[in-house]
Every structure is written in structure tokens, then in C-alpha cells.
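Working notes for the structure below.
The values are calculated or read from the model by the stated rules, or taken from the named source; none is laboratory data. These figures come from a predicted structure and were not determined experimentally. Note that each Cβ is placed from the backbone with ideal geometry, even for glycine, and that neighbours are counted across all protein chains shown. What goes into the accessible areas is simple: the full protein's heavy atoms, side chains included, and nothing from ligands, DNA or RNA. Shrake-Rupley method; radii C 1.70, N 1.55, O 1.52, S 1.80 Å.
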Amino acid sequence: MIPALLLSLALSGGQTLYDFGPEDASRWTTTHDTVMGGQSRGEVSKTDSGTLLFEGYVSLENNGGFTSFSSRDRQLPFAGTDGIEMSFKGDGRTYILSFDREGVGLFGGGYWQRFETKKGEWMTIRLPWTKFEAVSFGRNMPNLPKLTAETARGLTVYLYDKKDGDFRIEFDSFATYSGNDSVPAAMPASNDRPSLPDNCRTLERLIELSGVGEELAKLEGYTLFAPTDDAFQNLALSQSLMQPEQMEALKAVLLRHVVPAKVDSAAALFLTQAKMADGKQLSITVVDNELRIGGAQILDVDFALGNGIVHTIDRVLVPEKLPAATKLATPASKQDSKSGEIVPRYAVLSSLIEKAELVDALGELGSFTLFAPTDAAFAALPSEAVEALLQPENKAVLQAVLLRHVVPGRVTAFQAIGENAKPVAGELLPLRLSPGAERRLTVAGIQITKPDQIVGDAIIHEIGAVILPSDLAQQLAPKGPPVRVYLESVVAKGIAEFNAGDQEACAARYQQALEALLLLDQLSDKRVETVRSALNLAKGQNASDAAWSLRRAIDLIRIDIDQEV
């Protein structure tokens, strides 16, 4: 036991609850997200040095992300004290001390107070009863009774910081204290540092970014209709609003969500309109027993936030007209000032757009959605195909290939799921979200790796391969040059990816190569059947088996070429 604790308790009039010494008979149990299908693990054990060690790892897979340990003692001598004092050595992560409350049943939570740790350093902190807050499934419950020393039951420590990775925290003691909080306090509760509900973190960042929080603090009272993180995810404009040049537009959007007076849910039921901070009158209606403001559904209500009150809503309220700064140049209207690229960060695509003389055509579209292949995706194409596309006589073909990646209008990834997008040129592009724990959004069977990149009036979705027309071979009328060198390059890169543990990337590379050879009519009739069989077989296999099936087809083609030579 740390000697300083003895002096601390003597001065504070507290009582040791657990010190984990030789006489300590306390019992502990662990609970993890495995109860909901997660994969996190944690073990609690007493060490030879007289401490309690809690260690393991947190996984965010399968919607997991928490682990905890609890005392088996439900009633502890808390009465008449001011709070809990703990001594521990942590790992730099943020943990939660939690208690149950007599007379209140909270599922998926308890009365929480967060505390920070410093990696490898012993710390002693005090957590007053007055700063514990009721939480259920990560959501604050401000209207529930407060926790007191007389009503506190049990003792639990959570790790719930939404971060993957190993953890380790070692406790020397738990004790009560009475008197002042002279020992450094833990992370402030929301009364000291106001925060929005857990599902409104995007709004919280935008308020900080815009400075609107300072304006709210000056009001005697206010009501904030807070769009959830999902609501911002569905708003194509959200990423653009975070740019420095968009501050006036951002403020205009945020002020559309503020009423400069406190309006709790009970009062809102009897209102038909609310005047927002920007002067706009928004209607308040009841539709199918759902309370709405400006068409947005009010989800959760009556959260305390400083001198205001918060109600969460399911969509962002965007003013009819935003300051002019909101409209940026589209990717095709001017080059990126730093890189000289038409589409920033996509050098090969930018170069091809220029060579195809499509810059003006894209600019005339106004808003559009671009499925942008990476430089690596273009590099994976047969060099002969790229060379043919760059020939003057094939300019129209190159334009058709590029415009197959462009859809008029702005379509976010969320809006696109299950739709068939109509590109400027070519066949419909099916957009699908695969089921299961590891969901993948694809367009024309190609994975979208970075969705919803906002550049002015355009939305860019990065993809890992080039969307080729089904009749590309006929359009290019290739002369059938050798492909041995190309296949050597594909195999070399695939082997490196496979050995590095990325079997999925390897299989995708092999698949793209074989599909390109089919399209470019580079195979004998015998090998056409071989490739088609391999591609069909790979569809029902895992990434590792698919890579081997496709590799065998490639090797047979290489053998045929060697025999011809």
C-alpha cells in the first residue's frame, strides 16, 4: 500500500475500502462487450505486490468497445462521506468509475465519472459524489435522481473510450474521503465542462470550430436542436463546412438550430412555431405522434447544457441561402493551387481528364459525383490498354471511360446504397452495401475506399479500380501485344500483398488483371474459359483461396506465352 495514502486518509477522515494486502478478501468479476457480440477481453487479478491488476484489450469489432470489472460487494460503507479516493498506475487511457443507485435501475450504464491516467505513473485522485452522472447505453440521463453517499451501491471500473488496443491499469487502493478535494480531481463532469450527448460529437466539433459556443454562453438561456452524428453524415455539405473559408456559412447553419430562450419538451408540445437565432420562424408539428421542428424529428429531449437545454434531432436544418463563401470551385473548374491537379490527390485521373479535354465539360455540369480511381488503380491496368487509350484516334474512347465515373448531381455514400447510378456515359452503376460485420460499399463491384470527400459542388468517392466499359476491347481494337511483362508485374505485387497479410488486396489485383485481359481480348479461347472459371470460382471463396485460384489461372496464361515464344 502506498504510504501517502495512510496520511491522506488520516487527514480526510476516510475509510479504506480495499487495499489488496495479504488480509484483503475482496472478490471481483469482469464483464465485457462479448455479452453483445463484441470481442474485447479483460482479466482482473491480485498481484504479489499487493495491488489489483486489470488488463486485456479492447476491440471495436462487431459494435463492441468496452470492458469492466466490478466488486462483488453490493453495500459498502459510503454513508457520511464526500466521495471516493483511488490510487492507481495507468496506461494513459481514460477510464470510468461507476456506481449503481438504490431505487434506480439503469441498464447499460450506471452513475459515471471519468478519470484520466498517465502512462506508468502512480496517481491519487478524489471523485466527489456530486459529480457522478446517470448514464444509460452511453447517453446522459439528467432527469434522474442524483447519486449520494447513502444511495451508492457496488463499485465498477469501465474502459469505454472507443479506442482499439491493449490496456493495463493497476490499483493500490479504493477508499472514501470526507473534507476538501485537495488531491487533484479527475476529468470534470459535464457541470464543469458542458458537453453534448454522445451521439452529437460532430456538432460539438463544429460549435468549437465556429466560435458559436461563446455566443451561446452569453445568452441568459437558449435551446439547441442538436443534429446527431448520423444526421451530419447524411449531409453532403458537412465536410465542406469545416473548411476555414466556410466559417460564415457554418455559423449560419448552426444558428438555424438555436432558439435564444429555454424551451423544454413540455413547452414545445404546445408551440406551433419557434423563432430561431437567425430570425427564421420554424414550424413545430406533431406527425404520427412524433414531434418535429422544421421537418426534423425530435429524438431525445431535455439535456442540460450550461445555461441552455438540448433536444437531439434526426437531420440538419440548412438555411435556404448560405453566404457566398460556401460555393467553392468544383474540381474541374480550376486546378489545385498546390499540386496543379484537377482532382486534388488523384494525379493520374487529373492528367487523363486534361488529356481527354474534359475539364470544361465537367465544369459545366455544376454539381456532380465522381468515382475516383486511385493512381494505383490506373497502374494496375495493362500498359498496352493505357497506351491505346492515349492515342489521338481513341480520344472518344478515353472520354467515355472517364465519364463512366461521373454521375450528375451530388450523391453521398449513404444516399447511394441500393441505387443504380446513371453516369454521364455508359451503363448503370449498381451501388451495394455488403451485409455482415465487415461491411463494404461497392460501385459496379469495386470497393469504395474513401467516400464523401467534398470539394466544392462535387462529391468524390475514392475507388480501388477503374470502371471499364464491357466493350472496351472492341472500341480500342487492340493489336494483341504480349502481356507477359504485365503479368509478371501483377504477380510480383500480388505476392508482396499476400505475404504482408493483405490477401484481399492480392485477390482483387489478380481479379482486375484477368478481367482486363478478357476485355482486351488478349487470351486464346481455351484460356478465356480458364479465366472465366477461375473468376466464378473466386466469387464463392475467402480472400486467401480466391487469390490462389486466380493465381493458377495467371500462371497457365504465362506458361502459354512462354511456349509460344
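Among the conditions (1) more than 16 Å from ARG139 (Cα to Cα); (2) in a loop (DSSP other than H, G, I, E, B), the only one that GLY65 does not satisfy is (1). One residue stands out in segment 359-392 among those that are free of Cβ contacts under 8 Å to residues at least 60 places away in the same chain and among the acidic types (Asp, Glu): the one that is surrounded by the fewest Cβ atoms within 10 Å (Cβ to Cβ), namely ASP360. Scoring PHE78 on the criteria (1) out of contact with any Lys or Arg (no Cβ under 7 Å at 6 or more places or on another chain); (2) open to solvent by less than 10 Å² (accessible area, probe 1.4 Å); (3) assigned to a strand (DSSP E or B) leaves a single failure, condition (3). Annotation note: Cβ proximity below 7 Å between a residue of segment 495-510 that is in contact (Cβ under 8 Å) with a residue 40 or more places away in the chain and closer than 20 Å to LEU381 by Cβ and a residue that is of a type in the set (Gly, Ala, Ser) and not in a helix (DSSP H, G or I) (sequence gap 6+ or interchain) occurs for ALA508/GLY464; ARG509/ALA380. Selection of segment 270-306 for residues being open to solvent by 60 Å² or more (accessible area, probe 1.4 Å) and of a type in the set (Lys, Arg) yields LYS275, LYS280.
Would you mind stating whether LEU398 is over 34 Å from the mean Cα position of the chain (by Cα), surrounded by fewer than 20 Cβ atoms within 10 Å (Cβ to Cβ) and not β-branched (Val, Ile, Thr)? So LEU398 does not fit the description; no. Does GLY64 meet the test of being under 25 Å from the mean Cα position of the chain (by Cα), without any contact (Cβ under 8 Å) to a residue 60 or more places away in the chain and closer than 24 Å to LYS46 by Cα? It is false that GLY64 is under 25 Å from the mean Cα position of the chain (by Cα), without any contact (Cβ under 8 Å) to a residue 60 or more places away in the chain and closer than 24 Å to LYS46 by Cα.
Look at segment 393-410: where a residue is within 15 Å of ILE342 (Cβ to Cβ) and of a type in the set (S, T, N, Q) and a partner is open to solvent by 20 Å² or more (accessible area, probe 1.4 Å) and not in a loop (DSSP other than H, G, I, E, B), sitting 6+ places away or on another chain with Cβ atoms under 9 Å, you get GLN399/ALA361.
Within segment 82-95, identify whether any single residue is open to solvent by 60 Å² or more (accessible area, probe 1.4 Å) and part of a strand (DSSP E or B), and answer yes or no. Yes: segment 82-95 contains one or more residues that are open to solvent by 60 Å² or more (accessible area, probe 1.4 Å) and part of a strand (DSSP E or B).
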